[in-house]
Amino acid sequence: MCTGGCAKCLGITLIPLAVLCTLANILLFFPGGKVVENNQNITDEVWYFGGILGSGVLMIFPALVFLGLKNNDCCGCCGNESCGKRFAMFSSIIFAAVGVLGAGYCFVVSAVALNRGPKCSDGKDWLYPFQDGNYLGNHTVWTMCKSPDTIVPWHLTLFALLLVMSGIQAVLCGIQVVNGLFGTICGDCKCCGCCGGDGTV
């Protein structure tokens, strides 16, 4: 597969992941699927916008760049057919690095949130009743959270999804870094009918 075609496949995969991460982060603002009366009762890590900013907004830019690489002008510059493609692939490495940083940010925030557990009410005060992820393998302690209802599985499921999806995003952007290096050094396949080339992208 040509480097441009590979990048397009990565871009197509990144966009739905970015949308899902954004939705997951938005749902976390509604603990247990309910609207809280006081925003201070929402888990702190939700306000770090890991899914919205890190794996959402910052991931859209690399994804769009990757999608455009396959159709980038291959005629190049200064009489060099591959010059344009090589520069485009080089620029994709920079955007891929931005994607890795964004996904990494979401990954770290999600990991911290899973380890810390949700903020919930024990019937008297709003607090973090769990320590060092002790609730992950011990469901009996979930009863320490009296409200909101189902806050623990809600918190666990959504942050776990963010953790997994941001990890996948980081891997995909990492693949594009390698793919971009190959495209920069070796050039992409020749475009059909462009500059007299008879190959395909």
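The values are calculated or read from the model by the stated rules, or taken from the named source; none is laboratory data. Keep in mind the model is a prediction, meaning the values are calculated, not measured. Ideal geometry is used to build each Cβ from the backbone, glycine not excepted, and the neighbour counts take in all protein chains shown.
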(request) Answer yes or no: is there a residue in the stretch 50-59 that is in a helix (DSSP H, G or I), surrounded by fewer than 19 Cβ atoms within 10 Å (Cβ to Cβ) and without any contact (Cβ under 8 Å) to a residue 60 or more places away in the chain. (result) yes
(message) Of everything in the stretch 129-170, what is without any contact (Cβ under 8 Å) to a residue 40 or more places away in the chain and assigned to a loop (DSSP other than H, G, I, E, B)? Give them in sequence order.
(response) Pro129, Phe130, Gln131, Asp132, Gly133, Asn134, Tyr135, Leu136, Gly137, Asn138, Cys145, Lys146
(request) Looking at (1) on the phi > 0 side of the Ramachandran plot; (2) at pLDDT 95 or above, find the lone condition where Val164 falls short. (result) (1)
(request) Determine whether Val100 is surrounded by 19 or more Cβ atoms within 10 Å (Cβ to Cβ) and closer than 23 Å to Thr13 by Cα. (result) yes
